[in-house]
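The values are calculated or read from the model by the stated rules, or taken from the named source; none is laboratory data. Because the structure is predicted, anything quoted here is derived from the model rather than measured. We place every Cβ from the backbone using ideal geometry, glycine too, and count neighbours over all the protein chains shown. Side chains are part of the model used for accessible areas, which takes the heavy atoms of the whole protein and leaves out ligands, DNA and RNA. Shrake-Rupley method; radii C 1.70, N 1.55, O 1.52, S 1.80 Å.
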Amino acid sequence: MSQPVRHEFQAEVRQLLDLMVHSLYSDKDIFLRELISNASDAIDKLRFESLTSEGLAAAEPQIRLEPDAEKRTLAIADTGIGMTREEVVANIGTIAKSGTKEFLKSLRDAPKGEALPPELIGQFGVGFYAAFMVADRIELVTRKAGATTATRWESTGDGAYTVEDGERPEVGTTITLHLKPADPEHGLRDYTSDAVVDDIVKKYSDFVAYPIVRRLGSSADGSSGASPGRSDKTLNSMKAIWDRPKAEVSDAEYKEFYRHLTHDWTDPLRTIPVKMEGTIEAYALLYLPEKAPFDLYSPEMKRGVQLYVKRVFVMDECKELMPPHLRWVKGVVDAHDLSLNVSREILQKDRQIQVIKKQLVKKVLGTLEEMKRDAADDYLKFWAGFGPALKEGLVAYDVQDKDKLLDLVIAPSTRDPNGKLVSLDDYVGRMKEGQEAIYFLTGPSKDAVAKSPLLEAVVAKGYEVLLFSDPIDELWLERAPRYKDKPLQSIGKGDVALGTAEERKQAESAIEEKSRELSDLLTCLRVHLQEDVKEVRLSNRLTSSAACLVADEHDLSPRVQRMLEQLGQPAPKSKPILELNPAHALIPKLQVVFAEDSSDVRLALYARLLLGQAHLADSGHLPDPDAFGKALADLMIRAV
Ligand code: ADP
């Protein structure tokens, strides 16, 4: 027998344990749900392994609960896959999830003494560690399938744990909780009571696919409900919730299953049962969460859909069933005609999977459309959390139902920037007569876009402009999408033709005339800025600001260029165009300076400031703050 080896918990685990032990939610019962869920996962894994690899036999699946009032313990034993010693150390001692640090920090910064908002910690999934809410010492003995030896782990939850060789006659895992004294006032019930244990299982784990059993008469009040001739009682009904008719399943059951799947303690926004019959037979149960997980944009985010074949678990995170922009959809899919031996490679090409995926995408988008139409408040919640992820679908070329995705887009508009978000359909329905395009503007923040000088003339002429400020907006709008045959046109790019043909002609000739008049000045300014801009020209976009930046018709906007660079992708470099407002008081004054002495040094300084100002209005960001600062100081000295 080896000596116990002491290990320190990873810092993040220590913080999490501290939160578990000290603050926390009133509903401590959920620890059992977490442990049962882990046990059920472990049985899933062993069943699957034994179907697909030689020489591994799965024992009769079972999760056994053993409350012991005398010892004040509750044991949870499963016939699952078990863990090797290395796996114990890696799984029960570290948290591998990305973003853990940031997440725990946000929890630590939460007001002290208050119960933590369950949805915060729920979306993180504390799993095993929740047991430290009810136990002050935990033992875990586990034997991995295929191994002959077992491992024993023990901890009091205060920073360290020990690992040593253990004894376990069969494959699987037993977790023994040494319970804290019951304290009903603080939500700590007596978990050695049969009635309490039965109640929790019924409430949280009824649909678990394997029998959860308890020996009759094993505990404090064990005499209740004894049926003669049998010594075990099965506590759950084991009905797979997804192939039961919708009318038979209660809302509460659907929600409980969602919690079982996701560990998210916030109710889902929508539950979508799906039944496919005919050439392809499949059941699915999908959920649209209310809150985005904190790692939605991390490549390691846990994808949400599990694959079953005839109620046998096949794989977690089946990304072949949901496109990336719907990666946040949770649920299970049970495909009846698939082989249990499917590999990821086969799945990618499997025609059945393609058909099922198509149906699921349709269902999800349909549900969203309905929500948008009939439950605006829910839709806003959804959009705040998942809108940017959904819009990723508009960037990819071969995306199913792209038009439906466009239908789902909402954005603030110049009509009322802080008011109701506007859909493309709303927009098109009230376009001005003769208006041919859907106007939009993108920028780094809602505020920056709403205040952009580029809006001045367009809004003054009575046009509505949609305001986009998610980073992804730059990318999908760059693809020149159309909606209901109308192009979406950036008012920050190329020329924007406003008004009737007659008005346009007039405006154009006015600008042309002005440009001829000021052409030498414009050339002079361009020469001073030739490193930074492609052109300096007069604009009819502005009414009150002096200058703005626009991109040439076919160039990428400066923000897209920056984004692509950050993503490590090649971005064709192109310079912006600086547009000046001929109606601004500054322009005639500059013309006077220029007419007196075309080599006046102030012209270079003014050019620099105009460019800086335009950059600030565009992105709140100066590409060369140093040059801007010097020019400003120099001009001040001259003016004082
Ligand atoms: P999560 O379940 O969210 O992954 P946990 O902290 O609950 O987080 O568990 C961490 C890991 O430990 C699990 O992913 C699994 O690999 C392993 N584990 C936990 N309980 C068991 C068990 N009963 N049998 C086998 N492995 C387990």
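Numbers for the structure displayed
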read-out	value
Under-5 Å amide H pairs with Ala150, H placed in peptide plane, nonlocal only	Gly166, Arg168
Per-residue ³J(HN,Hα) for the stretch 39-48, Karplus 6.51 cos²θ - 1.76 cosθ + 1.60, θ = phi - 60°, Hz, x for Gly and Pro	5, 5, 4, 5, 6, 3, 5, 5, 4, 5
Burial ranking of peptide ranges 397-405, 517-525 (average Cβ count within 10 Å, highest at the top)	517-525, 397-405
Whole-Hz couplings from phi, Karplus 6.51/-1.76/1.60, listed for the stretch 575-584; x for Gly and Pro	8, x, 9, 9, 10, 10, 8, x, 8, 7
Surface accessible to a 1.4 Å probe, per residue, for the residues of the chain, Å²	47
DSSP-defined beta bridges in the chain - what % are antiparallel, rounded to 5	80
In degrees, nearest ten, helix 601-619 long axis to first principal axis of the chain (Cα)	30
Nearest 10 degrees, 0 to 90: helix 586-596 Cα axis against the chain principal axis	50
Pairs of lysines in the stretch 501-639 (C-alpha under 15 Å apart; 8 or more residues apart or interchain)	4
Value of [θ]222 nm, deg cm²/dmol, for the chain, DSSP H segments ≥ 4, -39500 (n - 2.57) each, nearest 500	-11500 deg cm²/dmol
Relative contact order (%) - the chain, alpha-carbon pairs under 8 angstrom, separation at least six	9
Protection proxy ranking, peptides 283-289, 584-590, average beta carbon neighbours within 10 Å, highest first	283-289, 584-590
Rounded to 10°, Cα long-axis angle of helix 376-391 versus longest principal axis of the chain	80
The stretch 487-558: relative contact order as a whole-number percent, Cα under 8 Å and 6+ apart	45
Sequence-distant residues sharing a close amide H with Leu538 (under 5 Å, placed H)	Leu580
Violating pairs (Cα-Cα greater than 19 angstrom) within the set Lys291/Lys391; Lys319/Lys372; Lys202/Lys255; Lys275/Lys349	Lys319/Lys372; Lys275/Lys349
Percent carbon-and-sulfur accessible area, the chain, ignoring ligands, DNA and RNA, probe 1.4 Å	51
Extended-chain gain in nm, criterion 0.36 nm per residue less alpha-carbon gap, Ser2 and Ala571	198.9 nm
About the Cα centre, charge dipole magnitude for the chain (Lys/Arg +1, Asp/Glu -1 at Cβ), debye	420
Under Karplus coefficients 6.51, -1.76 and 1.60, residue-wise ³J(HN,Hα) of the stretch 514-522 in Hz, glycine/proline x	4, 5, 4, 4, 9, 4, 5, 4, 4
